[in-house]
Amino acid sequence: MGKNSFVGRNWKLILNVLTVTALVILVYAIRHQVVDTFHNLFKVNAWYLVLMIPIEVLNYHAQVRLYQGLFAVVGNRLRYGFLYRASLELNFVNHVFPSGGVTGISYFGVRMKNDEITASKATLVQMIKLVMLIVSFEVLFVFGLLFMAIGGKANNLVVLVTSSLATLVVVATIGFVFILGSRPRIHATFSGLTRLANWAVGLFRRSKTEFITIDKAQDIVEELHTNYKLIERNYKQLQAPFWWALIANVTEILAIYVVYIAFGEWVNLGAVIIAYAVANFAGLISVLPGGVGIYEALMTGVLAAAGIPPAVSLPVTVMYRVLNTILQLVPGYILYHRNLHSGR
C-alpha cells in the first residue's frame, strides 16, 4: 500500500471513522443496559460502587508491571507512564472492535514499535501476557471450586464447566509453547495460516497478488521464534510477571463483587470466579463489541447453576458491565485519539 494511494493518504481519517462507528455500535448495543443501570443506581449503596475506581486503577497498575516485566526479559526497559497510557488505549481497542483480541494485538505492535522494539517483539510480549493471564486464572479456578464446595454449590454442571475450561487452558498453552519452541514448527504453522489468509482474501479480490507476502511473514516468524527463545532462556524472570497477572485477574473479580455488595448481596465468591471465566472465554467469539449479549447471558446462566437467582445476578452483571465500560472507554478513547493525532 503506497503512500500516494487513497488509503495511504487518509489512513488516520479512515481509522477515526471506523473507530467512531464501532463506538457508536457499542453504545447502541448497550443502550438498554445503560437505562437499566441508571434506574438501579437508586437501589444500591453507591459508596461501594466508588470502590470500582481504585480497583480498576490497581488492575491497570498490575497490567503495566506485567508488561514491564515481560519487556525486561527481552531486553527493553519501558517507562511506567507510557505503558499505563498504552494499556488504556489497548483496552479501548479491544472493547470497541470485536476480534477476540486480534485487533488489540495488532494495535499494540504498532503502538510499541520504535528503534529498539519491533512490531513482532511487541506482538510476542502481548501474546505471552495473554497466556500468563489465562494460566494464572487456573489458580483462581482452584479457589473458585473450593469456595463453592464450602458453600455446597459445587454441583456436577459447575465442576464440568470448570474442568473443561481448565483443560482447554492447559492444552492451548502447551500447544502455543510447542509451536513457538521449534523453528520448523513455527514456520510451518504460520506459513499455513498465511496461505489460508491469502486464499480467504483472494475470494473477494480480483488481484492475484498476495495479500500477505510469504517471505515477509517468514521474517516476522523468525523474529518471533528468536524472541521466544530469549524468554525461554530467562524463564525464571517470569515469576514476577506471573504474580502481576494473578493480581490483574483478582482485581477484575473484585470489581464484580463490589457491585454485588452494593446490591446488598454477599454471594459465593467461587460462583463469581467461574462465571467470569466462562463469560470472558465465550465473549471472544461475539460479533458485537465487548461481547455484549453473550457475556451477560453466560454470566447469569452460570451463576444460576451455582444457586444465584437471575433476579440478583442479571442487574449486577448489567451494572458492572456498564460502569466498567465507562471507566475504561472514556480515558482509553481520549488517549487513543490523542495518540492517533500525535503521529506516534
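The stretch between Asn45 and Arg233, if pulled fully straight at 0.36 nm per residue, gains 62.7 nm over its current Cα-Cα span.
Here the label points at Thr173 and His187, each 7 Å from Cα along the C-beta direction, are separated by 3.0 nm in the simple model. Ranked by the mean number of other Cβ atoms within 10 Å of their residues, highest first, the peptides 67-80, 316-329 fall in the order 316-329, 67-80.
Peptides 303-309, 119-125, 237-243, 270-276, ordered by how many other C-beta atoms sit within 10 Å of their residues on average, highest first, read 270-276, 119-125, 303-309, 237-243. Segment Lys113..Ile150, full-extension length gain: 8.5 nm, with 0.36 nm per residue of separation and the alpha-carbon distance subtracted. For Leu88, neighbours were defined as the other residues whose beta-carbon sits under 14 Å from its Cβ, and their charges (Lys and Arg +1, Asp and Glu -1) total +1. One Cα centroid belongs to region 45-89, the other to region 178-198; the line between them spans 32 Å.
In this simple spin-label model, placing a label point 7 Å from the Cα along the Cα-to-Cβ direction at both Leu160 and Ala297 gives a separation of 1.9 nm. Here region 45-175 exposes an accessible surface that is 70 percent carbon and sulfur, computed with a 1.4 Å probe and the other protein chains kept in place.
The values are calculated or read from the model by the stated rules, or taken from the named source; none is laboratory data. This one's a predicted model, so the numbers in the text were calculated from it and none came from an experiment. All Cβ positions, glycine included, derive from the backbone under ideal geometry; neighbour counts span all protein chains shown. Remember, those area values only see protein heavy atoms, side chains included, never the ligands or the DNA or RNA. Shrake-Rupley method; radii C 1.70, N 1.55, O 1.52, S 1.80 Å.
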